[in-house]
2 protein chains.
Amino acid sequence: MKLEVELKAPADLDEARRKLRELGAVLVVEGEEQLDVYLQHPCRDLALTDEALRLRKRREVASLTYKGPKVGGKCKARLEVEVAVSSFEDALELLKQLGFEQVAVLRKRRTVYEVGGFRVYLDEVEGLGCFMEVESLLEPSSTMSIEEEALRLARLLGARVEEATTKSYLEMFLERWGDVKGGST
Amino acid sequence: MKLEVELKAPADLDEARRKLRELGAVLVVEGEEQLDVYLQHPCRDLALTDEALRLRKRREVASLTYKGPKVGGKCKARLEVEVAVSSFEDALELLKQLGFEQVAVLRKRRTVYEVGGFRVYLDEVEGLGCFMEVESLLEPSSTMSIEEEALRLARLLGARVEEATTKSYLEMFLERWGDVKGGST
C-alpha cells in the first residue's frame with residue numbers, strides 16, 4: 001500500500017528525454033506497451049466515489065491495482081494497493097464472475113526515467129496524446145514540499161505545467177471518448 | 001478456468017496413507033499448512049448464490065479463487081477461476097477496499113497424493129476434523145464415469161463414502177461455528 005504523489009501534465013516527450021539525459025537521469029523502462037483495463041464495481045459507482053480498479057498487462061506481467069479517492073492540489077495523492085497476478089486473462093475472468101464490468105481499455109507506450117528521488121513517466125496514450133508524470137520515490141513525510149519539487153522538475157523538463165491535471169487517463173479517456181467498453185480485449 | 005470434479009468424505013487419514021502407499025501413489029505435498037480466508041461480496045450474498053471467493057496463503061504463495069455454483073450429485077462439479085497473487089496481505093487489503101468482507105478463516109493441514117488420474121487430498125481441518133477429497137486430474141469428458149471412479153477410489157482408501165458431502169469446508173464451518181469473522185488474520 002502506498003500514497004502516490006504525482007504530477008501529470010502534457011509534454012513534448014523528445015524535449016523531455018533530451019533534458020533527462022542532460023540531468024544524468026537513469027533510463028528504467030524503454031517504450032513498454034501497456035494495456036490497462038478499467039473495471040466498474042458491481043454495486044458502487046467508482047467514477048462517483050473517485051476510486052478506480054485497474055487490471056494492467058505489460059509484457060508477460062499482469063497486475064491488479066485499486067486506487068482510492070484523490071486528495072491534494074496540482075499534484076495528486078491517493079491510496080494505491082497493487083498485487084501482481086499470474087494471469088491477466090484469468091484475473092479478468094475472475095473479476096467478471098464477481099460482477100465487475102470492463103468500462104474502458106487504454107493502450108499506452110511508456111518510458112520511465114529516475115532522477116533525484118523522482119520517477120518520470122513519459123507516456124504516449126492512444127487517443128489522448130503525450131504526457132509526463134512525475135512521481136516521488138520517497139515516502140511523503142511532507143507532501144507539500146515534495147509537490148513543489150515535482151512541479152519544479154516537471155517545469156525544468158519542459159512539461160506544460162500550467163495544464164497540469166489531477167485527472168487520471170481513465171477520466172480523460174471517458175471525457176473524450178465516452179463510455180467505451182473496448183470489447184476487443 | 002476449470003470444472004472441478006471432486007468427492008469429499010470423512011476419513012481415517014492414517015489408513016488412507018497406508019493404502020495410498022500400497023497403491024504406489026505419488027506423494028505430492030506433505031503436511032502443508034494452509035490459511036483460507038473466505039470473503040463476502042459487497043452486494044451479492046455468495047452463500048445464497050452458492051459461489052465463493054477465497055484468498056489462500058500457503059508457505060510463501062498466495063492465490064485468489066472464485067468458485068461458481070455447484071452442480072452434480074455425490075461428486076461436486078463447479079466452475080473455478082484462480083490466479084496466483086504476489087501478496088496475501090495486499091490482496092486482502094485490495095479486496096477490503098472494494099467492499100469485500102472476511103466471513104471465515106479456515107486453517108488446515110493438507111497432504112496430497114496422486115494416483116491413477118486422480119489427486120487425493122488428506123485434510124486435517126481445524127475445528128472440523130479429517131477428510132479425504134478425491135479430484136480428477138482429467139478434463140471431464142464424461143463427468144458421470146469420473147464421478148463413479150472417484151467414488152470407487154475413495155471407498156478403496158477407506159473414506160466413509162456414505163457420509164460423502166458436496167458441502168465446502170466453508171459451509172461446514174459456518175454451520176458448525178456460525179459466522180465467525182476470524183479477525184486474527
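The values are calculated or read from the model by the stated rules, or taken from the named source; none is laboratory data. Since we're looking at a predicted model, the values are computed, not measured. Please note: Cβ atoms are built from the backbone with ideal geometry, for glycine as well, and neighbour counts cover all protein chains shown. For the accessible areas, the whole protein counts, side chains as well, though only heavy atoms, and no ligand, DNA or RNA atoms are used. Shrake-Rupley method; radii C 1.70, N 1.55, O 1.52, S 1.80 Å.
Please tell me if A:LEU35 is modelled with pLDDT of 95 or more and surrounded by 18 or more Cβ atoms within 10 Å (Cβ to Cβ). For A:LEU35, the condition - modelled with pLDDT of 95 or more and surrounded by 18 or more Cβ atoms within 10 Å (Cβ to Cβ) - is not met. Among the residues of the range A:146-157, those identified as touching a Lys or Arg at 6+ places or on another chain (Cβ under 8 Å) and surrounded by 18 or more Cβ atoms within 10 Å (Cβ to Cβ) are A:GLU147, A:LEU151, A:LEU157.
Is there any pair linking a residue in the range A:20-43 that is within 14 Å of chain B (Cβ to nearest Cβ) to one that is open to solvent by 70 Å² or more (accessible area, probe 1.4 Å) and assigned to a strand (DSSP E or B), with Cβ under 6 Å and at least six apart or on different chains, and which? Going by the 6 Å Cβ cut-off, the qualifying pairs are A:GLN40/A:GLU101. Taking the listed residues A:LYS74, A:LYS57, A:LYS8, the one that is modelled with pLDDT of 95 or more and either assigned to a helix (DSSP H, G or I) or closer than 22 Å to A:LEU174 by Cβ (or both) is A:LYS57, with no other qualifying. When the range B:9-56 is filtered for residues that are more than 16 Å from the chain's Cα centre (by Cα) and of a type in the set (Ser, Thr, Tyr), only B:THR49 remains. Return a yes/no flag: does the range B:21-31 have any residue that is in a helix (DSSP H, G or I) and modelled with pLDDT of 95 or more. Yes, the conditions are met somewhere in the range B:21-31.
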